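Derivation of every value follows stated rules applied to the coordinates shown; laboratory data play no part. Keep in mind the model is a prediction, meaning the values are calculated, not measured. As a convention, Cβ positions derive from the backbone with ideal geometry for all residues, glycine included, and neighbour counts pool all protein chains shown.
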Amino acid sequence: MQRNIEKTFDYEQDIEELGKKFDKENREKFLKEECDSLYLSSTDILEDINDLRTEAKSDFKKHIEEIKKEALQEEILFSSEDFDIFGGMTEDKTKINTLGNNKHREIKKSKFRILDINKTTKNNQYIEILKDAIQSLENAIDKSKIGTKINLFYASENVINTGTYNILYINPQNALDSTLKEATKINLYNIKLNENTKAIPLTNIAYYENNNKTLPLRNECLR
């Protein structure tokens, strides 16, 4: 009797190697714009991306002002005439960072640089940026299959919306931690993916630039 043996995910045994495998594949198949959009989807910008994609009512103008305020607080927002200087910011190629036990010379991605937010950014400009991000995400998803059976978790106060982009977690506690702390009721979903599911692992290349080609293949960001 012949049996088909299927590869399934075991957290204790597979997390390290699977993370490296995912990260290597993501670097090979995704363009920089797609990696940048993956990063945006891991931030608060995901809400705006989903609202635009589903044509939900959203106050984009208010959120733009909140982003500008946040950028100013981090002292990285320039006037429009100086924005080329900001956009051309160079990283210190001699600075050594550590990820896990590995040293590298890469910088973390910034939503402000990716969004090109500046003091004069208007509502229509922001929407066009979001549209580009959605297209990049769709392109990335079309290239992706998870490649293994795996159980992931999602926590929310509401019923899961399958029409939006959602962040799923390997660790159920991380899923619970991602919800609002003041929530009185939380639904925890155990979602079973098969190897052909179009899903994208959020690995190091989604969170870091790799201009110096020193970013280690690690699963530090894989959740």
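Taking a sphere under 12 Å around the Cβ of Ser136 and counting the other residues whose Cβ falls inside, with K and R at +1 and D and E at -1, yields a net charge of -3. What is the calculated FRET efficiency for Asp132 to Asn210, with r their C-beta to C-beta distance and R₀ = 22 Å, to the nearest 0.05? Plugging the Cβ-Cβ distance into 1/(1 + (r/R0)^6) gives 0.55. Going by neighbour counts of Cβ atoms within 10 Å, the residues Ser156, Ser37 line up, fewest first, as Ser156, Ser37.
Remark: the Thr162-Asn187 segment gains 7.5 nm on full extension, using 0.36 nm per residue and subtracting the alpha carbon distance. Ordered by the number of other Cβ atoms lying within 10 Å of each residue's own Cβ, fewest first, Lys61, Lys109, Lys192 fall into the sequence Lys192, Lys61, Lys109.
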